[in-house]
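*Asks:* I'd like to ask some things about the structure below.
The values are calculated or read from the model by the stated rules, or taken from the named source; none is laboratory data. This structure is a prediction, so every number in the text was calculated from the model and none was measured. Note that we place each Cβ from the backbone using ideal geometry, even for glycine, and neighbour counts take in every protein chain shown.
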Amino acid sequence: MMLRVGDVPEDAARVFFALWPDAILRADLVRCMARLHARFGGRRMRPDSLHLTLVFVSRIESRLLPHVLAMAEALRMQGFITGFDREECWRRNRIGCLGASRVPTGLGGLVHALEDGLRDLRISFEHRPYRPHVTLLRNADCTRRASPVDGSPPNATAPAVVAWPARDFVLVKSSLRPDGARYEELGRWPLL
């Protein structure tokens, strides 16, 4: 029987696979966040929570976590670099984010390998066309016009903003709290 995203057993964890930035990359992301905040307002993400989601599993029975950890441990994937070249504001979700106009082969391969591994374990996950982005703002006003200093229109493509060298990936447990999500790393695996 496959665990469905909507099934929420009492002994469950909310988890996702992600890339987590190092301190230097996080500082670059925080600078981008400041630019986006000046344009669109909203609530800035906590710097320690910035990440690139690979696969969102949602709720999973805790007893299945060792199988998920073992699946990730068995993956042997090459490292890659993702170029985040778009500063965007998504009206539907009201998020300000960095987007990548191109999905590198390594990133796409890692996402597919994780999805295939979860399918093999008969664990459901959130499946949608993969659109790499790093959320920097919540409750952004995507209808706001650009500031006179900036001069660019909302949702404009930015020049090359951030290059993210992926050296490892993580499985993270998310706990929702009144002040936002808190993350706990459950596992980390190197990329070759």
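One line per residue, one yes/no per condition, for (1) assigned to a loop (DSSP other than H, G, I, E, B); (2) among the charged types (D, E, K, R); (3) modelled with pLDDT under 90:
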residue	(1), (2), (3)
ARG145	yes, yes, yes
PRO148	yes, no, yes
GLY151	yes, no, yes
ALA156	yes, no, yes
ALA163	no, no, no
LEU171	no, no, no
SER174	no, no, no
TYR183	no, no, no
GLY187	no, no, no
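*Asks:* Tell me yes or no: at least one residue of region 80-92 is polar (S, T, N, Q) and either over 14 Å from the mean Cα position of the chain (by Cα) or not in a strand (DSSP E or B) (or both).
*Replies:* No, every residue in region 80-92 fails to be polar (S, T, N, Q) and either over 14 Å from the mean Cα position of the chain (by Cα) or not in a strand (DSSP E or B) (or both).
*Asks:* Scan region 127-144 and report the pairs whose first residue is over 15 Å from GLY180 (Cα atoms) and whose second residue is in a strand (DSSP E or B) and not β-branched (Val, Ile, Thr), with Cβ atoms within less than 6 Å and a gap of 6+ or a chain change.
*Replies:* Filtered contacts from region 127-144: HIS133/CYS97; HIS133/GLY99; VAL134/LEU52; VAL134/CYS97; VAL134/LEU98; ALA140/CYS89; ALA140/GLY96; CYS142/CYS89.
*Asks:* Related question: For region 48-68, which positions are part of a helix (DSSP H, G or I), surrounded by 14 or more Cβ atoms within 10 Å (Cβ to Cβ) and not polar (S, T, N, Q)?
*Replies:* LEU64, LEU65, HIS67, VAL68
*Asks:* Still on this model: Could you list, in sequence order, the residues of region 26-47 that are among the basic types (Lys, Arg) and outside any helix (DSSP H, G or I)?
*Replies:* If we filter region 26-47 for residues that are among the basic types (Lys, Arg), which is where we start, we get 26, 31, 35, 39, 43-44, 46.
Within region 26-47, ARG43, ARG44, ARG46 qualify.
*Asks:* Hey, another quick one. Would you say ARG102 is over 22 Å from ARG182 (Cα atoms), touching a Pro at 6+ places or on another chain (Cβ under 8 Å) and at pLDDT below 95?
*Replies:* On the way: over 22 Å from ARG182 (Cα atoms): yes; touching a Pro at 6+ places or on another chain (Cβ under 8 Å): no; at pLDDT below 95: yes.
No: the conditions fail for ARG102.
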